[in-house]
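Data block below; observations after.
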Amino acid sequence: MSSNNPDNKLIITAAITGSRNMRDLSPHIPYTPEEIVASCLECWRAGVSIVHIHVRDPQTGLGSQELELFRRVVEPLREQTDLVLCLTTSGIAGRNLPYADRLAPLNLQPELASFDAGSINLGGGVFSNPPDFLDQAAEAMLQKGVKPEIEVFDSGMIVTALRMRDQGRLADPLHFQFVLGTPWGAPAEPKTLLHLLDMLPGDATWSIIGIGKNHLPMSVMAMAMQGHIRVGLEDNIYYSRGVLAESNAQFVERIAALAREYGRPVASPDEARAILGLAKQKNN
Ligand code: ZN
């Protein structure tokens, strides 16, 4: 158990909407900035300390990197909550937008931003994160004081992150988000997680996303292994087999209840900041 988390608190992150799952799959996916904010507020009340934010074109529901749309989510959340905000830099995975568009949300000075540490097949295309993009993203985050949330779809992405750390492009302590169980990446199995954890520096923190039906098994693994947990409609639209989740908060409530039963107190946003070594947002 790490020294900055002596009570073994559990950080719950909610990934509210992503950019891939559309309403033909689930009518409950938030599209407009107002819907995204409302879902974040529900999750906050249910025990989330971090929200992972994408925005969408309100008319079409397609993923967007429009700074103004991000602003319409970020500003109300800063006014009304103490949530830690993690803004996406993946943009629309598989559509591979210009680097500047992907990095635009950093201008809103979030405490965390996603950092996808390599390229991988995803959803019939390639989620492209070539070395020059990673260098640019890391440099922008270092300059702006935004902590990268290093998303890992396979073990080579940890190798990449550690090399960039050794080059001075990423700063310790590193924070990892494992994305397990995509049809193209590392499988969501206990032995995969053990292997990935073996590769992490001792002072790193980590959280896990089990895609789709892997959500609950991987969450339980993280609960038992001092990791943290991400839930939400970006990663999984079903609450249980064949039953759609009606909201992001429903997932949060279940993990918070499991944590209570298990005996891991859920971290408040400020406790999450302490665990992850974040400085609170200036304009919060
Ligand atoms: Zn995302």
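Listed values for the stretch 59-64 are Karplus-derived 3J(HN,Hα) couplings in whole Hz (6.51 cos²θ - 1.76 cosθ + 1.60, θ = phi - 60°), namely 6, 9, x, 6, x, 9, and x replaces Gly and Pro.
In the chain, the portion of solvent-accessible area held by carbon and sulfur atoms comes to 52 percent [1.4 Å probe, whole percent, DNA, RNA and ligands not counted]. In this structure, the amide hydrogen of residue 206, modeled 1.01 Å from its nitrogen in the peptide plane, lies closer than 5 angstrom to those of 176, 228, counting only residues at least 5 positions away or on a different chain.
Give the residue list of GluC sites (Glu not before Pro) in the stretch 207-283 that are DSSP loop and have at most 13 other beta-carbon atoms within 10 angstrom.
Details: sites: 234, 246, 253, 261, 271; in loops: 234, 246.
Hits after loop and neighbour filter: 246.
Among 9, 191, the sequence by solvent-accessible area, most first, with a 1.4 Å probe is 191, 9.
For the stretch 154-191, the set of chymotrypsin sites (Phe, Trp or Tyr not before Pro) satisfying both a DSSP loop assignment and a count of at most 13 other C-beta atoms within 10 Å is given as 184. Once you have a ≥ b ≥ c as the square roots of the Cα gyration tensor eigenvalues for the chain, tell me rounded if a/c is under 1.5, and otherwise prolate or oblate according to whether a/b is larger than b/c. It is rounded, given that a/c, with a ≥ b ≥ c, falls under 1.5. Over the residues of the chain, the helix contribution to mean residue ellipticity at 222 nm works out to -11000 deg cm²/dmol, using -39500 (n - 2.57) for each DSSP H run of at least 4. Compared with the direct C-alpha span, the chain from residue 239 to residue 262 gains 6.3 nm at full extension, assuming 0.36 nm per residue.
The mean sequence separation of alpha-carbon pairs under 8 Å and at least six residues apart, normalised by the residue count of the chain, gives a relative contact order of 24 percent. Using the 1.4 Å probe convention, the accessible area of the stretch 126-284 works out to 44 Å² per residue with neighbouring protein chains retained.
Considering only DSSP states other than H, G, I, E and B, which trypsin sites (Lys or Arg not before Pro) in the stretch 225-284 qualify as loop sites with at most 13 other Cβ atoms within 10 Å? Present the calculation step by step, with values, prior to reporting the outcome.
Values: sites: 230, 241, 254, 260, 273, 280, 282; in loops: 241, 280, 282.
Hits after loop and neighbour filter: 241, 280, 282.
For the stretch 37-106, a/c is not less than 1.5, where a ≥ b ≥ c are the root eigenvalues of the C-alpha gyration tensor, and a/b tops b/c. That puts it in the prolate class.
Note on the chain: Lys pairs 8 or more places apart or on different chains, Cα atoms under 19 Å apart, count 6. Protection proxy ranking, highest mean first, for peptides 63-73, 160-170: 63-73, 160-170, where packing is the per-residue count of other beta-carbon atoms within 10 Å, averaged.
Annotation: amide H-H contacts under 5 Å for residue 54 (H modelled 1.01 Å from N, sequence separation of 5 or more, or interchain): 16, 17, 18.
The values are calculated or read from the model by the stated rules, or taken from the named source; none is laboratory data. Since we're looking at a predicted model, the values are computed, not measured. Positions of Cβ are generated from backbone atoms using ideal geometry, with glycine treated the same way; all protein chains shown enter the neighbour counts. The area values use the complete protein model at the heavy-atom level, side chains included, leaving out ligands, DNA and RNA. Shrake-Rupley method; radii C 1.70, N 1.55, O 1.52, S 1.80 Å.
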